[in-house]
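Asks: One structure is given below, represented as structure tokens, and several questions about it will come after.
Derivation of every value follows stated rules applied to the coordinates shown; laboratory data play no part. What you see is a predicted model; the values in this text were computed from it and never measured. Here Cβ is always computed from backbone atoms with ideal geometry, including for glycine, and neighbour counts include all displayed protein chains.
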Amino acid sequence: MPKKSMRTALNEAMAQEMRRDPTVIVIGEDVVGGQGGLGETSVGGVFGVTKGLGEEFGLDRVIDTPITESAIIGTAAGAAVAGLRPIAELMFVDFLGVCFDQIFNQAAKFRYMFGGKARTPLVIRAMTGAGVRAGAQHSQALHSIFTHIPGLKVVVPSSPYDAKGLLIQAIRDDDPVIFLEHKTLYDIEGEVPDEAYAIPFGEANVLREGRHATIVALSRQVHTAMDAASQLASKGIEVTVVDPRTTSPLDEDTILECVEETGRLVIVDEANPRCSFATDVAAMVADKGFAFLKAPVRMVTAPHAPVPFAPVLEDAYVPDAARIIAAVESIVANEEAAA
Amino acid sequence: MTGIAAITMPRWGLTMEEGTLTGWLVGLGEETRQGVDVIEVESTKLAGTVEAPATGILRRQVIAVGQTVPVGALVGVIADADVGDEAIDAFIATFAPVDLDVEEGGASEPRIVSVGEHRINYLRKGGPGPVVLFVHGFGGDAAGWGFVQEVLAADHDTIALDLPGHGASSKAISDGSLAGQAAIVADFLRALDLGPVNLVGHSMGGGVCIALAAAHPDHAASLTLLAPMGLGAEINADYLSTFATAQRRRDVEPALRLLFADEALVTKALAEEVVKYKRVDGVSEALAAIERAILDHGSQKAVLREDLAGLAQPVALLAGAEDRIIPPAPVAALGGTLLPSVGHMPQVEAPDQVIAAIRKVARA
């Protein structure tokens, strides 16, 4: 299978769906790029994810907008209920705050308030996460906020394969989807089929199976968790690593199944810890899987603080393998690991 | 021997990136001989053994049972008794992982050939030597032969193809019947300009091989049939329809467990690999079309016993005694081998017997 970067995988997903379905459009700041025209200056977004779409599909379907997030999402939500399948790009997830009304009160509510008769097939793509020295206003991991809102689906891919399949599913889905791409993952490579494929939402990926503990991790933290898992294996501790892929809907069954097999749970999330994905999974397992647990549930998250700009502080802010290993070791008794 | 030999993690198939050591078959300090099984290894898809690369004493067990390491990584060291410990320590310290992609008989990139309206993906390894063509079963693919193909590639020209609707081949199905698929495989052989080949078919692919040899005797040098369709009417039709329709890992897992005698072989990672294929656009439709073409009210549509009986070529027949997909009784009745503690996947659960059976009938 060919190897591709996550950037290429995302680009391929959009291009293939735009070829298949003429109602799919792309709208956002600099999605064509450059001076608003086609050709060499059309960079395709800050990280080049939409590069080439303007050339192939024209400026009627790939629309550069002014810097006004509320107008981008308002336009896209309106276009969605009117029959198009817009992919709106908002650069940084941090900026979604300026269009919460369009997202929370409009797009997320249409199906409910119109008695199930309205569809809002809208995808909102944005970059998430720390690690590129972009400061407190461009580095947050805000998936938990959107997970809280019924009517939204929330996708946090960790690999190029997942990114393509989940974005195709997001475009084909009839509800608004918040699609969050971690800035540090655009250049990672992985096997991605050339053909189109859709990964259903609410289906976790189990990357590794062990018997001592389960680690649930998202997005970039899946890679940190896998690193921790291989280091733990050399110490005789075998862990299961679960990537839920989507926080809404959440694959509770797979998480519970893995906790039942291992009896221990560590949740890794680079978001802030209060009212978060990590607390949500911890509460769900305490509620539905308490009998499986042999030890307390541990969370490895960012602190309840903004993302620091100083590089050393930013690096200390994001969960790393050492913290995950310490969390797992704190709940896996020595005699258990040796057994 | 002179010097020091490395036991390394093998690569069984292109998709294998790491393997887990599941057992030592030779104790530390014990003598072993070149070609004797020395370790047991498991990947996400396969379990098997690795032969000692040299004759000597197992001087070091570099990794522990249960450990997972990348392919090519050092697992153990064999050397004569007179080699010093310092030399072995230095060998381990400076060991560079073997790049298995370029080993003799190693993996080659898959290739695509156009056959009529179909694009057929295939994986060719090894050569020179007699040509062996692997034809997978319903929902399978070329990579599923991994270990068997890898071993035979040492002295055969081996080709594993993806049937239409499967693997990386195009997904549209023109005629999903055994005879229809056999005609496409015959065109594939002509497109590659191959003479008579040694056909190895599993399950539906076994039925395809019988139909192919019957329609084009000049294309078949021998047949090795593993749990083939076409020998009787009985088949677990529920398995086929569950496999064809399941879209999620948790729905696929119970179906996959029916394939093996040892259900522990069905890991979540294996199930995820299967649903990766199931998610591709066009696959559900392709499998449904094939299912309609090969089944009739829950029974096999084509019974090819007379075609098989009429073949002049040597035929090897194998099935797992615990096959829960196609009952193995017809294989036994025809004098075939029933493998104990093996389910519907002899190439995974008993690869050594499959390799031996192919070697016995294959000819140039």
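Asks: Under 22 Å from the mean Cα position of the chain (by Cα), within 26 Å of residue B:42 (Cα to Cα) and of a type outside the set (A, V, I, L, M, F, W, C): does that describe residue A:245?
Replies: no
Asks: Looking at residue A:289 and the list (1) in contact with a helix residue (DSSP H, G or I) (Cβ under 8 Å, 6 or more places away or on another chain); (2) closer than 19 Å to residue A:222 by Cβ, which single condition is not satisfied?
Replies: (2)
Asks: Of the residues in region B:236-262, how many are part of a loop (DSSP other than H, G, I, E, B) and facing another protein chain (nearest Cβ under 10 Å)?
Replies: 2
Asks: What pairs come up if the first residue lies in region B:160-189 and is within 14 Å of chain A (Cβ to nearest Cβ), the second is polar (S, T, N, Q), and their beta carbons are under 7 Å apart, counting only those six or more places apart or on different chains?
Replies: B:162/B:121; B:162/B:169; B:164/B:170; B:167/B:121; B:168/B:121; B:169/B:121
Asks: What number goes with the only condition from (1) under 16 Å from residue A:86 (Cα atoms); (2) within 14 Å of chain B (Cβ to nearest Cβ); (3) of a type in the set (Asp, Glu) that residue A:162 does not pass?
Replies: Among (1) under 16 Å from residue A:86 (Cα atoms); (2) within 14 Å of chain B (Cβ to nearest Cβ); (3) of a type in the set (Asp, Glu), residue A:162 violates only (1).
Asks: So, one more: Among the residues that make up region B:305-319, is at least one of them surrounded by fewer than 20 Cβ atoms within 10 Å (Cβ to Cβ), on the phi > 0 side of the Ramachandran plot and not β-branched (Val, Ile, Thr)?
Replies: No: zero hits.
Asks: Follow-up question, since we're still on this one. Among the residues of region B:278-307 satisfying the criterion of being more than 18 Å from residue B:180 (Cβ to Cβ) and either among the polar types (S, T, N, Q) or away from every other protein chain (no Cβ under 14 Å) (or both), which is nearest to the chain's Cα centre (by Cα)?
Replies: B:284
Asks: Residue A:192 passes all but one of (1) within 14 Å of another protein chain (Cβ to nearest Cβ); (2) over 12 Å from the mean Cα position of the chain (by Cα); (3) crowded, with 24+ Cβ neighbours inside 10 Å; (4) under 23 Å from residue A:110 (Cβ atoms); which number fails?
Replies: Here residue A:192 clears every test but (4).
Asks: Among the residues of region A:45-66 satisfying the criterion of being assigned to a loop (DSSP other than H, G, I, E, B), β-branched (Val, Ile, Thr) and surrounded by 17 or more Cβ atoms within 10 Å (Cβ to Cβ), which is nearest to the chain's Cα centre (by Cα)?
Replies: Result: A:49.
Asks: Only residues that are farther than 26 Å from residue B:281 by Cα, small (Gly, Ala, Ser) and touching a helix residue (DSSP H, G or I) at 6+ places or on another chain (Cβ under 8 Å): list them for region B:140-189, please.
Replies: B:186
Asks: If only one of A:128, A:147 is β-branched (Val, Ile, Thr), surrounded by fewer than 24 Cβ atoms within 10 Å (Cβ to Cβ) and out of contact with any Cys (no Cβ under 9 Å at 6 or more places or on another chain), which one is it?
Replies: A:147 is the lone residue from the list that is β-branched (Val, Ile, Thr), surrounded by fewer than 24 Cβ atoms within 10 Å (Cβ to Cβ) and out of contact with any Cys (no Cβ under 9 Å at 6 or more places or on another chain).
Asks: Which of the residues spanning region A:213-230 are more than 10 Å from chain B (Cβ to nearest Cβ) and either surrounded by 23 or more Cβ atoms within 10 Å (Cβ to Cβ) or closer than 19 Å to residue A:178 by Cα (or both)?
Replies: Those that are more than 10 Å from chain B (Cβ to nearest Cβ) and either surrounded by 23 or more Cβ atoms within 10 Å (Cβ to Cβ) or closer than 19 Å to residue A:178 by Cα (or both): A:213, A:214, A:215, A:216, A:217, A:218, A:219, A:220, A:221, A:222, A:225, A:228.
Asks: Please enumerate the residues belonging to region B:235-246 that are surrounded by fewer than 16 Cβ atoms within 10 Å (Cβ to Cβ) and under 21 Å from residue B:281 (Cα atoms).
Replies: Hit for region B:235-246 is B:245, nothing else.
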